[in-house]
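For reference, the structure is listed below as structure tokens.
The values are calculated or read from the model by the stated rules, or taken from the named source; none is laboratory data. Worth saying up front: this structure is predicted, and the values here are computed from it rather than measured. Counting neighbours? That spans all protein chains shown, and the Cβs are built from the backbone with ideal geometry, glycine included. Note: areas computed on protein heavy atoms with side chains; ligands, DNA, RNA excluded. Shrake-Rupley method; radii C 1.70, N 1.55, O 1.52, S 1.80 Å.
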Amino acid sequence: MEQRHLGRTGLRVSRIGLGTLTWGRDTDEHDAAEQLKTFWDAGGTLVDTADVYGGGEAEYLLGRFLDVLVPRRDLVISTKAGSVPDPDRRTDGSRGHLLAALDASLARLGTDHVDLWHLHAFDPYTPLEESLQALDIAVRSGRARYAGVSDFCGWQLAKAATWQLGGDRTRLAGAQMEYSLLQRGIEREVLPAALDLGIGLLPSSPLGRGVLTGKYRHGTPADSRGGSEAMAPFVEPYLDDAAGRIVDAVATAADGLATTPLQVALAWVRDRPGVTAPIIGARNAQQLTAALSVESLSLPDEICRALDDVSAPVHRYPDHDWSTL
């Protein structure tokens, strides 16, 4: 698999990443092991997790596989901290919480460092510079090699990255954000900021929460995320008429290229400017293999333009030249 630099850093990662959101919850140990082995055999290196995935079980499972199933040195392990299971306060970006969470992650993973550590979300109740100081401490202590953020809006990303560049601090290497043909909101401010500041984008849900595979075109399969009580609210926003038109366009493109909607949708986001590696979450190794088969596919320019047109978000003032409005 092709390797890419993460932003303006020397860290190289596979251009498709393996997500572990469902590990320890919907994906058991056997299936998780099979996914990791399949991913590694295909040349994949970037494995993304978080301290809250499966209540910590995702990190624990990944740690069990290191150097038993896959050599630790062959993987770029990314994890996140800051999300908390508290309905009154969904994020905790305090320095104390973040560093304690990192230590707990390292214990579950059974390693002395992670390669990439993200703030999982912006915490409006903690000074941003305090949260960012945790990243500096983690890197300086060797517990993390690189640092990034997740789910920051444009001004939050720009402020954080600029602050880190303003002194002897750890520059932000990556930003994990939802991005797909069904969700192009980051193109308004986040993506321009990331490109300007040399931050590599790691798209989550690159298949539109599974909708872009076309599996929901004629109903909701019982064994799909949309058919599960826990995940149905996650999928539902992308089942409207506007999304349906985009899914139909992807299916038409796939028919013309003799490939699958999954491959078309994934290739589109993988090769967007500023993108380093989409993060793929699969229920089993068969689904993951289907996604990894995109490696040899590059979409023709005319297909990209057609998909861009049908999925284009409405961006007006001040994003476009005011004189044209």
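For residue 55, indicate whether it is small (Gly, Ala, Ser) and open to solvent by 20 Å² or more (accessible area, probe 1.4 Å).
yes
Taking segment 62-78 as the range and being crowded, with 24+ Cβ neighbours inside 10 Å and more than 18 Å from residue 5 (Cα to Cα) as the test, only 62 passes.
If you go through segment 38-52 and keep only what is in contact (Cβ under 8 Å) with a residue 40 or more places away in the chain and open to solvent by 10 Å² or more (accessible area, probe 1.4 Å), you end up with 38, 42, 43, 45, 51, 52. Just so you know, in segment 78-100 the residues that are touching a helix residue (DSSP H, G or I) at 6+ places or on another chain (Cβ under 9 Å) and among the hydrophobic types (A, V, I, L, M, F, W, C) include one that is farthest from residue 147 (Cα to Cα), and it is 84.
Restricting attention to segment 212-247, the residues that are of a type in the set (Ser, Thr, Tyr), within 19 Å of residue 287 (Cα to Cα) and touching a helix residue (DSSP H, G or I) at 6+ places or on another chain (Cβ under 7 Å) total 3. For residue 263, the conditions (1) modelled with pLDDT under 90; (2) touching a helix residue (DSSP H, G or I) at 6+ places or on another chain (Cβ under 8 Å); (3) of a type in the set (S, T, N, Q) all hold with the exception of (1).
A quick yes/no check of all residues on (1) out of contact with any strand residue (DSSP E or B) (no Cβ under 9 Å at 6 or more places or on another chain); (2) open to solvent by less than 40 Å² (accessible area, probe 1.4 Å); (3) under 11 Å from residue 283 (Cα atoms):
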site	(1), (2), (3)
7	no, yes, no
17	no, yes, no
26	yes, no, yes
32	no, yes, yes
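Within segment 259-283, the set of residues being closer than 17 Å to residue 306 by Cα and hydrophobic (A, V, I, L, M, F, W, C) comprises 262, 264, 265, 266, 267, 268, 269.
Of a type in the set (Lys, Arg), in contact with a strand residue (DSSP E or B) (Cβ under 8 Å, 6 or more places away or on another chain) and without any contact (Cβ under 8 Å) to a residue 60 or more places away in the chain: which single residue out of 73, 90 fits that description? Criteria check complete, one pass: 90.
Suppose the filter is open to solvent by 20 Å² or more (accessible area, probe 1.4 Å) and over 25 Å from residue 67 (Cβ atoms); does residue 99 pass it? It is true that residue 99 is open to solvent by 20 Å² or more (accessible area, probe 1.4 Å) and over 25 Å from residue 67 (Cβ atoms).
Exactly one residue among 224, 228 is closer than 24 Å to residue 293 by Cα, open to solvent by less than 50 Å² (accessible area, probe 1.4 Å) and within 24 Å of the chain's Cα centre (by Cα), and that residue is 224.
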